[in-house]
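Each remark here refers to the structure printed beneath this line.
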Amino acid sequence: MRKRVKIILNKEEMDFVTKIQNDVAYSISEKAKARVLLKIHYNNTELQGLRDADIAASEHISHDTMTHLKNKYLDYKSIEMAIRKKPRKHETGRIRIPLESKNEVIMIAESIPPEGQKKWTYRSICKFYNDLKPYNTISHTTVMNILKQRQEKL
């Protein structure tokens, strides 16, 4: 367990907290964390007598979040590093399909269906496209989403 240490911000850090309150580059949670550190500073320097739980409640964060924030500040010795979230290792996002690939899927959907079929299905378009481009495969769900965007009906 870590020894109770007083957090006292220097002039630059206090200016940083006031500066980011109107900066759109910082999220609401980052601004709240910065305000928490500023309140802790004022509590330690002006002896306001607030408990950590009171400060956490005033910013609508949990006591655990506040403890974690204080520990990050003490580890990094930087308010900017303490309020920022670390990027996640396996953060998944939407995979962007290039426009030319989308156009190829649409051209396949508009072409004559394969022999023995009356019309294209999402799976048959997917199979045909993946046979053409084995290095750039897509799923039938992706085909469906591309065609929905273009409002193509199969």
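Laboratory data are not the source of any read-out in this text; all were calculated from the coordinates shown. Values in this document were obtained by computation on a predicted structure and should not be read as measured data. Neighbour counts are summed over all protein chains in view; Cβ atoms, including those assigned to glycine, are modelled from backbone coordinates with ideal geometry.
Pairs are defined by a Cβ separation below 7 Å, a sequence spacing of at least 6 or placement on different chains, a first member in segment 44-70 that is surrounded by 11 or more Cβ atoms within 10 Å (Cβ to Cβ), and a second member that is in a loop (DSSP other than H, G, I, E, B) and among the hydrophobic types (A, V, I, L, M, F, W, C); the pairs so defined are ASN44/ILE7; ASN44/ILE8; THR45/ILE8; LYS70/ILE7.
Within segment 109-125, the set of residues being crowded, with 18+ Cβ neighbours inside 10 Å and either over 19 Å from GLN151 (Cβ atoms) or aliphatic (A, V, I, L, M) (or both) comprises ALA109, SER124, ILE125.
Just to be sure I understand, how many residues within segment 71-85 are loosely packed, with under 15 Cβ neighbours inside 10 Å and among the aliphatic types (A, V, I, L, M)? Of the residues in segment 71-85, 2 are loosely packed, with under 15 Cβ neighbours inside 10 Å and among the aliphatic types (A, V, I, L, M).
Applying the set (1) exposed (fewer than 13 other Cβ atoms within 10 Å of the Cβ); (2) of a type in the set (A, V, I, L, M, F, W, C); (3) over 19 Å from LYS85 (Cβ atoms) to ALA25 leaves exactly one unmet item: (3).
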